[in-house]
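The values are calculated or read from the model by the stated rules, or taken from the named source; none is laboratory data. Keep in mind the model is a prediction, meaning the values are calculated, not measured. Cβ sites come from the backbone with ideal geometry, for glycine too, and all protein chains shown count toward neighbours. Areas reflect the complete protein model, heavy atoms only, side chains present, ligands, DNA and RNA absent. Shrake-Rupley method; radii C 1.70, N 1.55, O 1.52, S 1.80 Å.
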Amino acid sequence: MSENAATSPFELLALYERACLAHTADAPERVESLGQWRGIAFRVGRRAFVSGIEEINELLAVPALTHVPGTQPWLMGVANVRGNLVPAIDLGRFLFDERTPSSERTRLLLVRQHGGTVGLLVDEVFGQRTMDEAQRGTGEDERDPRVARFVAENVTLGEQSFGLFSMSRLVRAPDFRQAAL
């Protein structure tokens, strides 16, 4: 059935649904076959980072938070995300001891950790970035000791430099896991 042959709105929607499902099912195989790496780019303070797309489960506008007394200043509280309580961490405050200002661009990145999910507050999300393995291998070492344990290297994509940020290293870090005072 061609787009012009669709006689009802339902048939047209069904056609669009089939096309979308076919496209998404095929996309990951094409990217992997080309040897490309995909990530989500975001900003914390003045620094731009990118983390593997498989390390970030979801991007959210910042939901209402409930303060938790007796915790580190970087633990902003807990959010109710579809019935699950998710701790919300101000990543700028954790990394640089600088509070992330709230704006319409501020987002919460949901990241899996042992025993659940954690939300990381970032200044903004730039979206998906793709690079090939050659680009990843030409990066510079991280010079800032506050983030060096989470950033293996810095790469340039277009005109901007991004630190390759490991969410798995972050959620395993002992000081990150110890939110109580």
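Rounded to the nearest 5, what % of DSSP beta bridges with both residues in the range 79-129 are antiparallel? Kindly include the intermediate steps, with their values, before the conclusion.
On the way: 10 of 13 bridges.
Expressed as a percentage, antiparallel bridges in the range 79-129 total about 75.
Using a cut-off of 14 Å between beta-carbons, work out the net charge of the residues near ARG172 (Lys and Arg +1, Asp and Glu -1, ARG172 not included).
Numbers: positive: ARG112, ARG149, ARG169, ARG177; negative: GLU55, ASP175.
Charge balance near ARG172 sits at +2.
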Note on the chain: contact order normalised by length, alpha-carbon pairs under 8 Å, 6 or more apart, percent, works out to 22
At 1.4 Å probe size, with every protein chain present, just tell me what the per residue accessible area of the chain comes to in Å². 59
Using just the helices of the chain, give the 222 nm mean residue ellipticity in deg cm²/dmol: DSSP H runs with n ≥ 4 each add -39,500 (n - 2.57), and the total is spread over all residues, rounded to 500. -7000 deg cm²/dmol
For the range 167-181, take each phi angle, set θ = phi - 60°, evaluate the Karplus expression 6.51 cos²θ - 1.76 cosθ + 1.60, and give the result in whole Hz per residue in order, putting x for glycine and proline. 5, 5, 5, 4, 6, 8, 5, x, 6, 6, 6, 9, 8, 6, 6
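Report, please, the projected area of the chain averaged over directions, based on the convex hull of its C-alpha atoms, in nm². Present the calculation step by step, with values, prior to reporting the outcome.
Details: hull surface 55.8 nm².
The Cα convex hull of the chain, projected and averaged over all directions, gives 13.9 nm².
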May I ask for the angle, rounded to the nearest 10°, between helix 9-33 and the longest principal axis of the chain, with both axes built from Cα atoms and the value confined to 0 to 90°? 60
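Length gain on complete extension for the stretch SER8 to GLU54, per 0.36 nm per residue less the alpha carbon to alpha carbon distance?
Roughly 12.7 nm would be gained on extension.
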Cβ under 14 Å from THR106's Cβ, THR106 left aside: what net charge do those residues give with Lys, Arg +1 and Asp, Glu -1? 0
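Would you mind telling me the share, in percent, of accessible area of the range 24-181 contributed by carbon and sulfur at probe 1.4 angstrom?
Details: 4190 of 8760 Å².
It is 48 percent, rounded to a whole number.
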Take the Cβ-Cβ distance between ASP144 and GLU17 as r, set R0 to 41 Å, and report the resulting FRET efficiency rounded to the nearest 0.05. 0.30
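So, counting K/R as plus one and D/E as minus one, what does the shell of residues with Cβ under 12 Å around MET131 add up to? Don't jump to the answer; show the numbers that get you there.
Values: positive: ARG38, ARG129, ARG136; negative: ASP132, GLU133, GLU153.
With Lys, Arg at +1 and Asp, Glu at -1, the net is 0.
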Efficiency of FRET from Cβ geometry, ARG82 and ASP132, R₀ 35 Å, rounded to 0.05: 0.45
Take the alpha-carbon centre of the range 68-106, take the same for the range 149-181, and report the distance between them in whole Å. 16
